[in-house]
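Down below is the structure, laid out as structure tokens.
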Amino acid sequence: MIEIVSESKCISCNLCVSVCPTNVFDKVEGGIPVIARQSDCQTCFMCELYCPVDALYVDPNPEQITLKSEEDVENLGLFGGYREKVGWGKGRTPVAKHDYMYQLSAKTR
Amino acid sequence: MSERKPDLQLTADVLVIGGGPAGTWAAITAVSKGSKVVLVDKGYCGTSGATAPSGTGVWYINPDKQQREEAKQSRYGLGGQLADNRWMDRVLDRTYENMNKLGEFGYPFPLDELGNPYKRGLQGPEYMKLMRRLVLKAGVRILDHSPALELLADDHGVGGAHGYNLHTGETWSVQAGAVIIATGGCAFLSKALGCNVLTGDGYLLAAEAGAELSGMEFSNAYAISPTFSSVTKTAYYRYASFYYEDGTAVEGAGSQRGRSIIARNLLQGRQVYASLDQAPEDIHPLLRVNQTNFFLPFDRLGIDPFKDKFPVTLRLEGTVRGTGGIHIVDETCATKVPGLYAAGDAATRELICGGFTGGGSHNAAWAMSSGSFAGEGAAVYAATLGDSSSTRSLKGLSSSTLTRGASDAKPNKTEERVRAVQDEVAPYDRNLFRTSKGLNESLSTLDHIWQDIRNETISLDAHSVKKREAAAMTATARWMYNTALERTETRGMHKREDFPQQDASQQYRLISGGLDKVWVKKEEVAKEAVLH
């Protein structure tokens, strides 16, 4: 489930509020978005992918809250990790284009 | 709903409900046929649904006679010979065409060794981001976070929908010549990847308008996933070995044929572990790139899935990877109700994969094909209505009364009902392994839940959406189990413990419908549609 909106990283663009398919976040006037309906999070990681500044952390566990701290997530290098692998963000190439996409099918045919 | 005018009133030729692959293809196709289109999504068009967070194979087969024949045969027997030869041809043709269009529209396909784009797969985030852009570029008005709560209709048929915007708190209505339901299947809030918006809403909307369903017995798909994760991508479990806690192998367990063995162990309270230890080392990096999200939970928890053993479970995917859905009556994906169309997982996929799973490449092909068939059909239908559409007197069809007044439902009642429905459809010994006794017991509970819901009014607020979802899941479960009772054999994914064999005399489809009283009837598979 979504666990962290990093206060130090978030720029209040509210994109996560818009793109979350299950309406988990609420916009806050003059502040950063809040996780308002955490149990509605389906753990699809889409908010992380759309966040332009890697300020969100979704824990893989869809049923339990792990209470990881922002510091832990930072130290483990988990902020933005998925977006990087998908190849979204300035100067990156989308993974969709990666040669391995074809090579796997050629090898496992 | 006639107490007051909705806050936002729009008119269109075609209204599309649902903004996943089927809905977006429907929208851009209807525009290309001259329609003015509005698309509403319960979540956000671009991230909603099972496709957006995933990677998926696509049933993209070169128009070569032999390759096409092999492709059609691949699931025909597994699906209990309920697929339709002509429909498979149409879907293969349209998928080929649409995938080529996606390349022209700018989808970043990888290249093969000859430098040609390789088109047998799509990465969900990329695909759906592009589809949203195409929909907007086509001039379609998108209403995000705007679930449809009921269809609108008059004597001529369906003519729009009415709903609620979760972000603004406003009600909306769209009057349209034709409506396409592309709301996906039903996974009963099991948290399978991307599936929690898929609660059978479109089935209920369609049935309230008098449309029928088909193949609802093919609704017991379960996906392997780590116990600690929502990622229900199962392709890589072909490389898995399965173990008990003490490290001994689980005999016969596997991803394709051996899923039942995993389920029976879990039923007995024996945890099963998996390890992808059969994947050759040289393809590890390729696997990591092909399904980035598969590895995300492991990486975050410091698990090496190629070496370590991790606990697995089976998560219900219902009709998302099952094949049941709204019955379509002609090549335009029309339902039997004038003005109402169905596409994607909301519609039955028996036509291309019978009772075997539509998961992976088939559902993706079906979404883009049926979406464009429905988009064309709805556009033509709306055009024939001409000016008469402006003089219609439409009424809401919700089976529970929607009101602006206070709700008489007690708080927490909705959550209770959802859990009660899940208790009937999630257990492996009810849904995966079916018996007459189990199905009847579940139905008596489900019928009570339905009666409760029926007698309630729903006030138009943020909770109304969840209440309608609960109603849709209850109705869906009743169609599933009534149909499953009727099919006294084992065919496709439908497994009857009390009838473990396929029965050649039951090679027909089962059509269902009805709200307070659910009915099921047989429909023959057309002779000329059989694949030899």
| request: Could you tell me whether B:Val197 is touching a residue at least 40 places away in the same chain (Cβ under 8 Å) and either under 19 Å from B:Gly359 (Cβ atoms) or in a helix (DSSP H, G or I) (or both)? | output: yes
| task | Determine, yes or no, whether B:Glu208 is at negative phi and in contact (Cβ under 8 Å) with a residue 40 or more places away in the chain. | result | yes
| task | Can you tell me which residue within the stretch B:211-253, out of those that are on the phi > 0 side of the Ramachandran plot and modelled with pLDDT of 95 or more, is farthest from the chain's Cα centre (by Cα)? | result | B:Gly247
| request: Inspect the stretch A:6-15 for any residue being at pLDDT below 95, surrounded by fewer than 19 Cβ atoms within 10 Å (Cβ to Cβ) and out of contact with any strand residue (DSSP E or B) (no Cβ under 9 Å at 6 or more places or on another chain) and give the result as yes or no. | output: no
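Quick grid of which residues meet (1) in a loop (DSSP other than H, G, I, E, B); (2) closer than 19 Å to B:Thr47 by Cα:
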| position | (1), (2) |
| --- | --- |
| A:Val28 | yes, no |
| A:Ile32 | yes, no |
| A:Ser39 | no, yes |
| A:Glu48 | no, yes |
| A:Asp54 | yes, yes |
| A:Tyr57 | no, yes |
| A:Pro62 | yes, yes |
| A:Thr66 | yes, no |
| A:Glu74 | no, no |
| query | If a residue has to be under 28 Å from A:Gly81 (Cβ atoms) and more than 14 Å from chain A (Cβ to nearest Cβ) to count, how many in the stretch B:256-311 make the cut? | reply | 9
| task | Kindly check whether there is at least one residue in the stretch B:89-105 that is closer than 30 Å to A:Leu49 by Cα and touching a strand residue (DSSP E or B) at 6+ places or on another chain (Cβ under 6 Å). | result | yes
| note | For the stretch B:442-469, pairs from a residue that is of a type in the set (Asp, Glu) to a residue that is modelled with pLDDT under 95, with Cβ under 7 Å and 6 or more apart or across chains, are B:Glu456/B:Ser400; B:Glu456/B:Asp408; B:Glu456/B:Ala409
| query | Given the residues B:Thr292, B:Thr332, B:Thr319, which is the only one that is modelled with pLDDT under 95 and either in the same structural domain as B:Glu212 (by TED's automatic domain parsing) or within 30 Å of A:Val58 (Cα to Cα) (or both)? | reply | B:Thr292
| note | Taking the stretch A:27-57 and keeping only residues that are over 15 Å from A:Ser12 (Cα atoms) and surrounded by 14 or more Cβ atoms within 10 Å (Cβ to Cβ), one is left with A:Arg37, A:Asp40, A:Cys41, A:Gln42, A:Thr43, A:Cys44, A:Phe45, A:Met46, A:Leu49, A:Tyr57
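Conditions tested, residue by residue: (1) aliphatic (A, V, I, L, M); (2) under 22 Å from B:Leu193 (Cα atoms); (3) modelled with pLDDT of 95 or more; (4) out of contact with any Asp or Glu (no Cβ under 7 Å at 6 or more places or on another chain).
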| residue | (1), (2), (3), (4) |
| --- | --- |
| B:Glu3 | no, no, no, yes |
| B:Asp7 | no, no, no, no |
| B:Leu10 | yes, no, yes, yes |
| B:Asp13 | no, no, yes, yes |
| B:Gly19 | no, yes, yes, no |
| B:Ala27 | yes, no, yes, yes |
| B:Gly34 | no, no, yes, yes |
| B:Val40 | yes, yes, yes, yes |
| B:Thr47 | no, yes, yes, yes |
| said: Let me confirm something: among B:Gln278, B:Gln256, which residue is within 27 Å of the chain's Cα centre (by Cα) and within 18 Å of B:Tyr239 (Cα to Cα)? | reply: B:Gln256
| query | Could we say that B:Gln268 is outside the structural domain of B:Pro53 (by TED's automatic domain parsing), of a type in the set (S, T, N, Q) and at pLDDT 95 or above here? | reply | yes
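The values are calculated or read from the model by the stated rules, or taken from the named source; none is laboratory data. Worth saying up front: this structure is predicted, and the values here are computed from it rather than measured. Cβ atoms come from the backbone with ideal geometry, glycine included; neighbour counts cover every protein chain shown.
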